[in-house]
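A quick write-up on the structure given underneath.
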Amino acid sequence: MGFTYRREAPLENGEKGYSWLSSTGGATQIKRLLVTILVMSAAAGFFAWYIHHSNDASPDSYAGYSFAILGTTCLILAAVLYTWRRRSAKKDAVGKLNASLQWHICFGVLGLFLLFLHSFGNFNPRTGTYALYGMIALVISGLIGRVLDRIMPYLITNEVQRALTEQGDDRIEAISQKLQSIVVHNNQSLRSFSAADKPAERDRRANVSPAPTSLVPLSGPISNALPFTSKEQRLHTPWDLAYISLEATPQEINRQSGHYRFVPDKKSELTRPGALMPGAQEQIADLRMIERAMKREQFYRYVIRYWRKFHVALALLTIGLTIWHIVYALQLLLPTLMHK
Amino acid sequence: MLKTGVRQHSNSGVLLHKTGPQVVQELHACIGCNECLLACPALAEPITIDVLNRETLGGMISASVARFARSCFQCGACVAPCPVGLHRDAMMMWLKVRLLRAGREE
């Protein structure tokens, strides 16, 4: 397809900014909202008129049955249309699924409202009350899900932008490389420091204690020549004496004692600016911050995923409760109709 | 320490974000079949896959693509229908990050 990746992303005249409150729905969403409000107002108007003009304001009145049938139809449409379109292999146009989702919300809210009117404030039968509670929980979970669908992606985006560099590369990798370079640089500095300090240490020891009580191993070829001997003359000391030192071995030094603490003197190479690259702690802190950001991202993704599963589980429970209520209602209704 | 590269939690299969270069690789692999857009419940207006891919890569983001990026709720419905196994949700996340950063720079 011939794309070239531009690491810099200029957005001179384009859209900028992202907030969870950003308007995304547009005209279609407003249309569905208006339809929902209109139908709800019409139903509420009819309900008020019926209560005012009729003596039989009960769930098993004609108005009650009408509300029940309409409400159940709305809930069936809400459940079936969206699920069917989502699972259907044939998807003919872009944006249809979004329209189905909008209708799903519209029918869900309408269904709950109509079934609430069907109750006429009578919450005595357990089956109907439980079914209504199920529907209320289902619709509320759906509405919360819609809010989560706005908030969670925004929070995820915030965490992701912490984990990526300005160019979009992995920050963990960038920090790891930086840490590695710090470690390499500091190791080299320490090595050069010890190499530079060794001759000075030797001179100091030679001045203070020229006696062979402080025979320290020397780097390079072993030389046991003394100042008063000619170059040709060599002391034939046993080879092992060259490695004997009367000074305390490192193992004998109490590591907790104060004098063991490493304090480079003022002339040390390590005090030179930039000898030891600073910032390792800051890099490690950044690394931990990114790790925490990624854990939060994972949590937000779990919320999105499991809230959807919870909504589906609640829908199945509500269907079960509604069927229970319909069976109960038919048990009361059928004998009455048969005797008529 | 978390592994770098493709962020996938081993136990649950939750795919975390992808890096810019990985998104570019996926965009190069896109065959433009449009299946991801057809399966998307967040997309409310017609957008062509070419425009979406081009604007995901870089440069100016048009109003319609920005609206789509903002409305994407990372449900992952676009992943299963892709015949080449790409993650459009990760590409949309990259677009969201670009929008967020551009907004903060102002």
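The values are calculated or read from the model by the stated rules, or taken from the named source; none is laboratory data. A quick note: this is a predicted structure, and the numbers were derived from the prediction, not measured. Counting neighbours? That spans all protein chains shown, and the Cβs are built from the backbone with ideal geometry, glycine included.
The number of residues in segment A:38-51 that are surrounded by fewer than 12 Cβ atoms within 10 Å (Cβ to Cβ) and aliphatic (A, V, I, L, M) comes to 3. Residues of segment A:79-120 that are part of a helix (DSSP H, G or I), within 16 Å of A:GLN29 (Cβ to Cβ) and either within 14 Å of chain B (Cβ to nearest Cβ) or modelled with pLDDT under 90 (or both): A:TYR82, A:LYS96, A:LEU97, A:ASN98, A:ALA99, A:SER100, A:LEU101, A:GLN102, A:TRP103, A:HIS104, A:ILE105.
The residue that is farthest from the other protein chains (Cβ to nearest Cβ), among those in segment B:38-66 that are among the β-branched types (Val, Ile, Thr) and part of a helix (DSSP H, G or I), is B:VAL51. Taking every residue in segment A:170-187 that is more than 11 Å from chain B (Cβ to nearest Cβ) and pairing it with any residue that is crowded, with 16+ Cβ neighbours inside 10 Å and of a type in the set (Val, Ile, Thr), at least 6 positions away or on another chain, yields no pair with a Cβ-Cβ distance below 7 Å. Restrict the check to segment A:13-34 and report whether at least one residue is farther than 30 Å from B:ARG104 by Cα, of a type in the set (D, E, K, R), at pLDDT below 90 and surrounded by 15 or more Cβ atoms within 10 Å (Cβ to Cβ). For segment A:13-34, residues farther than 30 Å from B:ARG104 by Cα, of a type in the set (D, E, K, R), at pLDDT below 90 and surrounded by 15 or more Cβ atoms within 10 Å (Cβ to Cβ): present. Selection over segment A:280-311 of residues that are closer than 30 Å to A:PRO59 by Cβ and within 13 Å of another protein chain (Cβ to nearest Cβ) gives a count of 1. The residues listed here are A:ARG146, A:ARG150; of these, the one that is within 8 Å of chain B (Cβ to nearest Cβ) and either modelled with pLDDT of 90 or more or over 23 Å from A:THR28 (Cβ atoms) (or both) is A:ARG150. Residues that are among the hydrophobic types (A, V, I, L, M, F, W, C) and either modelled with pLDDT of 90 or more or under 17 Å from A:ILE326 (Cβ atoms) (or both) within segment A:37-62 comprise A:ILE37, A:LEU38, A:VAL39, A:MET40, A:ALA42, A:ALA43, A:ALA44, A:PHE46, A:PHE47, A:ALA48, A:TRP49, listed in sequence order.
Screening B:VAL24 with (1) modelled with pLDDT of 90 or more; (2) within 9 Å of another protein chain (Cβ to nearest Cβ); (3) surrounded by fewer than 22 Cβ atoms within 10 Å (Cβ to Cβ) gives one miss only, at (3).
Please go through segment A:99-125 and give me each residue that is touching a Gly at 6+ places or on another chain (Cβ under 9 Å) and more than 12 Å from A:MET135 (Cβ to Cβ), ordered by number. The answer is A:GLN102, A:HIS104, A:ILE105, A:LEU117, A:PHE120, A:ASN122.
The residue that is surrounded by the most Cβ atoms within 10 Å (Cβ to Cβ), among those in segment A:131-166 that are assigned to a helix (DSSP H, G or I) and of a type in the set (Ser, Thr, Tyr), is A:THR157. Scanning segment B:86-106 for residues that are surrounded by fewer than 24 Cβ atoms within 10 Å (Cβ to Cβ), of a type outside the set (A, V, I, L, M) and more than 7 Å from chain A (Cβ to nearest Cβ) yields B:HIS87, B:ASP89, B:ARG104, B:GLU105.
The set of residues from segment B:57-85 being farther than 23 Å from A:GLY145 by Cα, surrounded by fewer than 17 Cβ atoms within 10 Å (Cβ to Cβ) and touching a residue at least 24 places away in the same chain (Cβ under 8 Å) comprises B:PRO83, B:VAL84. What are the pairs, 6+ residues apart or on separate chains, where a residue within segment B:43-55 that is farther than 21 Å from B:GLY20 by Cβ has its Cβ under 6 Å from a residue that is among the β-branched types (Val, Ile, Thr) and surrounded by fewer than 18 Cβ atoms within 10 Å (Cβ to Cβ)? Every condition considered, the pairs that remain are B:ALA44/A:THR28. Which residues, taken from segment B:67-85, are facing chain A (nearest Cβ under 7 Å) and of a type outside the set (A, V, I, L, M, F, W, C)? Hits for segment B:67-85 are B:ARG67, B:ARG70, B:SER71, B:GLN74.
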